[in-house]
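Below is one structure, written out as C-alpha cells; the observations come after it.
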Amino acid sequence: MTIDTAADPVAEPRRRFPGVRSEGTGSRGSRVLGLVTLAGMAALLLFGLVLSPQDPGPNEMGQTVRIMYMHVPVAIIAFLAFGVTAVGSIMYLWKRSEFWDLTAAASAEIGVFLTAATLATGMIWGKFAWGTWWVWDARLTTTALLLVLFLGYLAVRRLPGPPEQRSKRAAIAGLIAFVDVPIVHYSVDWWRSLHQPATVSRFDPQIDGLLLFSLMLGMVVFLLAYWWLMIHRFRVALMESRLEERGLDVALAARRAEAEATAPVAATPAGVRP
Amino acid sequence: MSGQWGYVTAAYVMVLGSMAAYAVWTIRRGRRLARRLPAEDRRWL
C-alpha cells in the first residue's frame, strides 16, 4: 500500500527526516533496544542450547533442563508485568493520569502473553517430567487462574462507558487480579505441590556454573524484550486513545451541527408551518 | 536423549516464535493506527 505523502499529514515526518522510516511505533531508542534484545536472544540460544551442560543433578532432567532458561524467566517477567499493571492501577486511582492507565493496560497485555507462554512451556516440561500435560497442582492451577483473571482485566477495559469510568473500573480489576500473583509464588510452600520449590529466588541457589549463568542471561534478555514490547504496546495504546478522542470530537461536532440544523424547526410554534 | 531434545525444541520454538509473532502484530497495529493520526499525536518521532 502506498501513501500519498503530499496529501497525508501523517506522512509529514518522513519528509522531514528523509531515509528514516518513522511511521508506526518505532523510534531510534526502540530500534537500538530491539537490536540489543535480538543479540541477547542469540546469546541465550548459544548458552541455553550449546554451551550449558545437561542437568548433572539427581533430578534426571537431562537435556530438558534447557527448557528452564525459557520457562523461569518468562514466568518471572510475567509477574513483573502484572506488578507494573498493579502500580499503574494504583497511580491511576491516585493521579487520574492517562499515562498510568495506558501503562497498566500495555503491561497487562504483555503479562497475559507471557503467562500463556509460561503455562505452555510448563506443560511441555510436565509431559516429560510427570508424564502428563496437566495436573490440577497448586502452582499450575493458580497460574491458570492468573491468566484468566488478567484476561478478565483486558475484557473489562473493553466494556463500553465514559473513558474515565472505564479506566477506574480497569484499575480496580487490575488490583484485584494482582492479588493472585503472591498466591502463585507461595503456592509451592503453602500447599503440597508437584512443582518444585524456588530454585533461584533464595539466598543459596540450588544451581550454579553455566546453568545459573544461562538462567540469569534469560532473565536479562526477557527483561529487555519486555521493555521493548512495553514501548511499542504503550504507543499503540496512546494512539488508540487519541483516535478515540478524535472520534468523540467528530461525533460531538456532528451532533452539534445536527442540532443547529434542526433548531429553527423545533422553535416553530406547534401548528404553524415554517 | 533425542526425545528430550524434542521437548526442548518445542519449548524454544513456542516461546520465541510466539514472541516474534506478538512483536510483529504489535508493530503492525502501530503502523495501521499511525496512518490515521497526524504526527503531533506521535511525540516519539
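The values are calculated or read from the model by the stated rules, or taken from the named source; none is laboratory data. Nothing here was measured: the structure is a model prediction, and the numbers come from that model. Cβ: placed from backbone, ideal geometry, glycine included. Neighbour counts: every protein chain shown.
Just a few scattered comments:
- Counted residues, the range A:44-66 - those being in a helix (DSSP H, G or I), touching a residue at least 60 places away in the same chain (Cβ under 8 Å), of a type in the set (A, V, I, L, M) and crowded, with 16+ Cβ neighbours inside 10 Å: 2
- Qualifying residue in the range A:120-138 (condition: on the phi > 0 side of the Ramachandran plot, within 14 Å of another protein chain (Cβ to nearest Cβ) and not in a helix (DSSP H, G or I)): yes
- Residue in the range A:119-140 that is under 19 Å from the mean Cα position of the chain (by Cα) and over 21 Å from A:Tyr226 (Cβ atoms) present: no
- Test: residue in the range A:176-198 that is modelled with pLDDT under 95, surrounded by fewer than 19 Cβ atoms within 10 Å (Cβ to Cβ) and polar (S, T, N, Q): yes
- When we screen A:Phe234, A:Phe178, A:Phe222, A:Phe213 for residues that are out of contact with any helix residue (DSSP H, G or I) (no Cβ under 6 Å at 6 or more places or on another chain) and in contact (Cβ under 8 Å) with a residue 24 or more places away in the chain, the only hit is A:Phe213.
- Residue check, A:Val220 in a helix (DSSP H, G or I), surrounded by fewer than 15 Cβ atoms within 10 Å (Cβ to Cβ) and modelled with pLDDT of 95 or more: yes
- Residues that are at the interface with chain A (Cβ under 7 Å from one of its Cβ atoms) and charged (D, E, K, R) within the range B:13-35 comprise B:Arg29, B:Arg31, B:Arg35, listed in sequence order.
- Residue selected from the range B:1-12 under the condition in a helix (DSSP H, G or I) and within 7 Å of another protein chain (Cβ to nearest Cβ), by the criterion farthest from A:Asp249 (Cα to Cα): B:Gln4
- Among the conditions (1) within 23 Å of A:Ile77 (Cβ to Cβ); (2) out of contact with any Leu (no Cβ under 8 Å at 6 or more places or on another chain), the only one that A:Glu164 does not satisfy is (1).
- Any chance A:Gly161 is surrounded by 15 or more Cβ atoms within 10 Å (Cβ to Cβ) and not basic (Lys, Arg): no
- Subset tally (residues that are of a type in the set (D, E, K, R) and in a loop (DSSP other than H, G, I, E, B)) for the range A:139-177: 1
- Filter result for A:Ala39 (surrounded by 22 or more Cβ atoms within 10 Å (Cβ to Cβ), away from chain B (no Cβ under 11 Å) and under 30 Å from A:Ala104 (Cα atoms)): no
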